[in-house]
Amino acid sequence: MLINLLDSFEYINVIATAENVDHAFELVKLNNPDIVFLDIEMPTKNGFELLEILIGEGLNPAIIFTTAYDRYAIKAFKYAAFDYLLKPIKPDELKLTIKRYVENKKTFNLVQNSQKLDQFLNKEGLLKLDMRTGTLIIEPQELVLCIADGNYTHLYLADGKQETVTYNLGEI
């Protein structure tokens, strides 16, 4: 289905498909594609393992995860993926992703983005707090107010946003 959707873009050529991580790595190394559409759950190894191999080898395609599982989205962005599309892929969402890629392809660099993100996430003093919908990562000075709510805490941030985290006020 993805290949059929991509065929509607005149400037995109699907050059290869792979059934597993090892085959995909060989194809990326051989063809040096601009974009890799990558599923997460594959036989023997997963898409994150391929991403680690690509980064380790200094290969730099834009990674667009295509998966049926939204639970991997936070992890995908921690790996500096370009985008994350849920199956079944909606043509309008794919069109927006491709448009954004075309606008940003000159400045997108998987290896550099991954390194910058890793440095940010390992930065001393960041608060990494679990929420019902993922993880909130903020600098302490972004907190304006914390209000206890049983086992949860409502956080009010400097940018005006409110988030609820799964920690009681004492843990915060």
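At a glance:
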{"read-out": "Residues located in segment 146-172, provided they are part of a loop (DSSP other than H, G, I, E, B) and either among the small types (Gly, Ala, Ser) or under 15 Å from LEU136 (Cβ atoms) (or both)", "value": "GLY150, ALA158, ASP159, GLY160, LYS161, THR166, TYR167, GLY170, GLU171, ILE172"}
{"read-out": "Selected residue (criterion: modelled with the highest pLDDT) from residues of segment 58-106 that are among the hydroxyl-bearing types (Ser, Thr, Tyr) and assigned to a loop (DSSP other than H, G, I, E, B)", "value": "TYR69"}
{"read-out": "Residues being open to solvent by 70 Å² or more (accessible area, probe 1.4 Å) and in contact with an Asp or Glu (Cβ under 9 Å, 6 or more places away or on another chain) - total across segment 1-44", "value": "3"}
{"read-out": "Residues being within 25 Å of GLU93 (Cβ to Cβ) and either out of contact with any helix residue (DSSP H, G or I) (no Cβ under 6 Å at 6 or more places or on another chain) or free of Cβ contacts under 8 Å to residues at least 24 places away in the same chain (or both) - total across segment 40-60", "value": "7"}
{"read-out": "Any hit, segment 111-118, residues being surrounded by fewer than 18 Cβ atoms within 10 Å (Cβ to Cβ), small (Gly, Ala, Ser), on the phi < 0 side of the Ramachandran plot and modelled with pLDDT under 85", "value": "no"}
{"read-out": "Residue that is nearest to ARG71 (Cα to Cα) [pool: residues in segment 126-172 that are β-branched (Val, Ile, Thr), touching a residue at least 24 places away in the same chain (Cβ under 8 Å) and open to solvent by less than 50 Å² (accessible area, probe 1.4 Å)]", "value": "THR135"}
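The values are calculated or read from the model by the stated rules, or taken from the named source; none is laboratory data. Just so it is clear, the model here is predicted, and its values are computed rather than measured. Virtual Cβ from ideal backbone geometry, glycine too; neighbours counted across all protein chains shown. Note: areas computed on protein heavy atoms with side chains; ligands, DNA, RNA excluded. Shrake-Rupley method; radii C 1.70, N 1.55, O 1.52, S 1.80 Å.
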